[in-house]
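See structure below.
Nothing in this text is a laboratory measurement; each read-out follows from the coordinates by a stated rule. The structure presented is a predicted model; accordingly, all values stated were derived computationally and were not measured. All Cβ positions, even for glycine, are placed from backbone atoms using ideal geometry, and neighbour counts span all protein chains on display.
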Amino acid sequence: MKVYKIKGSRISGTDYKEVNKKAQIIYREIKSKTKRRPYVRSEYFNKEKVFIDLFWQHLWQKENFRDKIRRIKLFPCAIELIQKSKYDPQKNSKLTKRKEVYYKFVGATKDDELFYVQIKEDLKTGNKYFISVFPE
């Protein structure tokens, strides 16, 4: 599997408030470009929308505070990877009430640290949702 090399950098800091504030600034910037649900367009999905608001809901479900900080630090890297990566991800389909396909993209930061971005596609509606980002 090919790894997409990110040109931007992770969010620096160790304090949750500091890291979250920087990530929220990036999120608000994306959110301000639309009147409805915030999204980014993906090269891999032929410039289709990938909605990013589900990431925050998924993040609040995590109980480990350090895990939240690790994931938030990678938020700008994940956005860049979603927007610019053309490499084929791992696909995993789950048959639930609605048929869903999960895509796992692999990226590397400037420091060559690997991370993964998960995107869920609802086959019924065709919508794609950025769910999670996490380091290796």
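Taking segment 30-44 as the range and being farther than 15 Å from residue 82 by Cβ and not basic (Lys, Arg) as the test, the residues that pass are 32, 34.
Would it be correct to say that residue 20 is of a type in the set (S, T, N, Q) and outside any helix (DSSP H, G or I)?
Numbers: of a type in the set (S, T, N, Q): yes; outside any helix (DSSP H, G or I): no.
Spelling it out, it is not the case that residue 20 is of a type in the set (S, T, N, Q) and outside any helix (DSSP H, G or I).
Looking across segment 67-120, just one residue is in a loop (DSSP other than H, G, I, E, B) and among the hydrophobic types (A, V, I, L, M, F, W, C), and that is 74. One residue alone among 133, 106 is in contact (Cβ under 8 Å) with a residue 60 or more places away in the chain and over 17 Å from residue 58 (Cα atoms), and that residue is 106.
Here residue 57 fulfils each of the conditions (1) within 21 Å of residue 21 (Cβ to Cβ); (2) touching a strand residue (DSSP E or B) at 6+ places or on another chain (Cβ under 8 Å); (3) assigned to a helix (DSSP H, G or I) apart from (2). Given the condition touching a helix residue (DSSP H, G or I) at 6+ places or on another chain (Cβ under 7 Å) and closer than 18 Å to residue 6 by Cα, answer yes or no: does some residue in segment 42-64 qualify? So far as segment 42-64 goes, yes, one or more of its residues are touching a helix residue (DSSP H, G or I) at 6+ places or on another chain (Cβ under 7 Å) and closer than 18 Å to residue 6 by Cα. Whether any residue in segment 77-95 is surrounded by 18 or more Cβ atoms within 10 Å (Cβ to Cβ), more than 16 Å from residue 2 (Cβ to Cβ) and among the hydroxyl-bearing types (Ser, Thr, Tyr) is what I want to check. Looking for residues that are surrounded by 18 or more Cβ atoms within 10 Å (Cβ to Cβ), more than 16 Å from residue 2 (Cβ to Cβ) and among the hydroxyl-bearing types (Ser, Thr, Tyr), one finds none in segment 77-95, hence no.
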